Amino acid sequence: MSEGNVAADQLRLGIERIERLEEEKKGIGDDIRDVYLEFKAHGYDPKIMRQIIRLRKMAPHDRQEMEAILQTYLAALGME
């Protein structure tokens, strides 16, 4: 087998693997959307749920810093 064939096979396998992962990602995205819709039907606000998920991903120190800056900005704008 020539070196060109090996490289072409590797490339094809890589592309096929990425395509499978993209399909799985789409399926997971659909599942996540369905959960948001389910909770929206129960009266929860999906925007707030997304914001909570973003906050939970943050390190506690980073979240506290962001909240302090937000409060400073709100106070400066008279929105406090």
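Please name all residue pairs, on different chains or six or more residues apart, with Cβ atoms under 8 Å, provided the first residue is in the stretch 45-66 and is under 28 Å from D34 (Cβ atoms) and the second residue is part of a helix (DSSP H, G or I) and charged (D, E, K, R).
Partner pairs satisfying both residue conditions: P46/K40; L55/R63.
Return the only residue of A75, A8 being at pLDDT below 95 and either part of a helix (DSSP H, G or I) or among the aliphatic types (A, V, I, L, M) (or both).
Answer to the check: A8.
Find the residue count for the stretch 1-22, including only residues that are of a type in the set (S, T, N, Q) and surrounded by 10 or more Cβ atoms within 10 Å (Cβ to Cβ).
Count: 1.
Filter the stretch 29-80 for residues that are open to solvent by less than 80 Å² (accessible area, probe 1.4 Å) and polar (S, T, N, Q) and give the result.
Those that are open to solvent by less than 80 Å² (accessible area, probe 1.4 Å) and polar (S, T, N, Q): none in the stretch 29-80.
The values are calculated or read from the model by the stated rules, or taken from the named source; none is laboratory data. What you see is a predicted model; the values in this text were computed from it and never measured. Don't worry about glycine lacking a Cβ; one is built from the backbone with ideal geometry, like all the others, and counts go over all protein chains shown. Just so you know, the surface numbers come from the protein's heavy atoms only, side chains and all, with ligands and any DNA or RNA stripped out. Shrake-Rupley method; radii C 1.70, N 1.55, O 1.52, S 1.80 Å.
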